[in-house]
Amino acid sequence: MTEIELLVDLHKNHERQGPGGRKELEKALDLANLNNSNCLKIADIGCGTGVSSLALAEILNCKITAIDFLSDFINILTSTAKKRGQLEKISPIVCSMDNLSFEKEELDLIWSEGAIYNMGFENGLKYWKQFLKPFGTICVSEITWLTDKRPQEINNYWNEAYPEIGTAGDKLRTIERCGYSPIGYFVLPEECWENHYYKPIERDFDSFLDRHQGNHMAKELVNCEIQEIKLYRKYKEFFSYGFYIAEKVSENPS
Ligand code: SAH
């Protein structure tokens, strides 16, 4: 089994593959204040097994293209959407977030939870913008420092894992530099990490290790997750995901 296959096996049976929550999705939608009298064209980028797409389809008059580069996640979303009678509204597709096939200015809304870091916050914002209609909306969550200063251990850990990590001020400046106008920002609370993400994975470590007995990479993967969870619990007042809501304002940022 490859590392990716192991990662998929550890994460695919859970509702979400990153921190987040239904209440927070609704809060972001409230801030976005979309005009939903017409059917909205939406992309959910880095959708995983589709928790956000499924919720958006329930709430909005919309057509959603749900994008992930892992076919296992897309297959799970396809069967969940089918079971819930939502395949009319959700089209799950296997595709990379840095090579999308939308028309220019096709989308009313780009949604992306816990995923933009894979191509980088600034790169993602710049590349995705062409697909948004003028004044289209982006709702995106991104790992964010909550304080100006922080202990060295957590500073080093995140700077190595994701050098683009910054404070909300940094992120809002990036949003503006990329030609969007910020509408709102809030921080994901602890339950989005603990109850919705870490605890469900933690409960599965033993059965995962049983399934992959003797597999070195599987053990290593669990150790990395344990380390990440430990650091979150120790330093949670210093970082979280920020949820950023912004509107496209200009075509050609300098
Ligand atoms: N939005 C989901 C999943 C977040 S995890 C949730 O909140 O639960 C990040 C997701 O990004 C994973 O499903 C991963 O497969 C996907 N991903 C990573 N790199 C990608 C890429 N280059 N293109 C498309 N999806 C990618």
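Return yes or no: is residue 227 without any contact (Cβ under 8 Å) to a residue 40 or more places away in the chain, assigned to a loop (DSSP other than H, G, I, E, B) and out of contact with any strand residue (DSSP E or B) (no Cβ under 6 Å at 6 or more places or on another chain)? So residue 227 fails the test. The set of residues in region 36-62 being within 23 Å of residue 103 (Cα to Cα), modelled with pLDDT of 95 or more and not small (Gly, Ala, Ser) consists of 39, 40, 41, 42, 44, 45, 47, 56, 60, 61, 62. The criterion of being within 29 Å of residue 249 (Cα to Cα) and of a type in the set (Lys, Arg) does not hold for residue 150. Please indicate, with yes or no, whether at least one residue in region 157-171 is touching a His at 6+ places or on another chain (Cβ under 6 Å) and surrounded by 14 or more Cβ atoms within 10 Å (Cβ to Cβ). Looking for residues that are touching a His at 6+ places or on another chain (Cβ under 6 Å) and surrounded by 14 or more Cβ atoms within 10 Å (Cβ to Cβ), one finds none in region 157-171, hence no. When the test is whether a residue is aliphatic (A, V, I, L, M) and under 17 Å from the mean Cα position of the chain (by Cα), residue 66 passes it.
Would a scan of region 151-170 turn up a residue that is more than 29 Å from residue 3 (Cα to Cα), touching a residue at least 60 places away in the same chain (Cβ under 8 Å) and part of a loop (DSSP other than H, G, I, E, B)? There is at least one residue in region 151-170 that is more than 29 Å from residue 3 (Cα to Cα), touching a residue at least 60 places away in the same chain (Cβ under 8 Å) and part of a loop (DSSP other than H, G, I, E, B).
So, of the residues in region 1-29 that are over 15 Å from residue 54 (Cα atoms) and touching a strand residue (DSSP E or B) at 6+ places or on another chain (Cβ under 9 Å), which turns out to be farthest from the ligand (Cβ to nearest atom)? So the residue we want is 27.
The values are calculated or read from the model by the stated rules, or taken from the named source; none is laboratory data. The shown structure was predicted, so the numbers you read here are calculated from the model rather than taken from an experiment. A quick note on method: Cβ atoms are made from the backbone with ideal geometry, for glycine too, and the neighbour counts reach across all protein chains shown.
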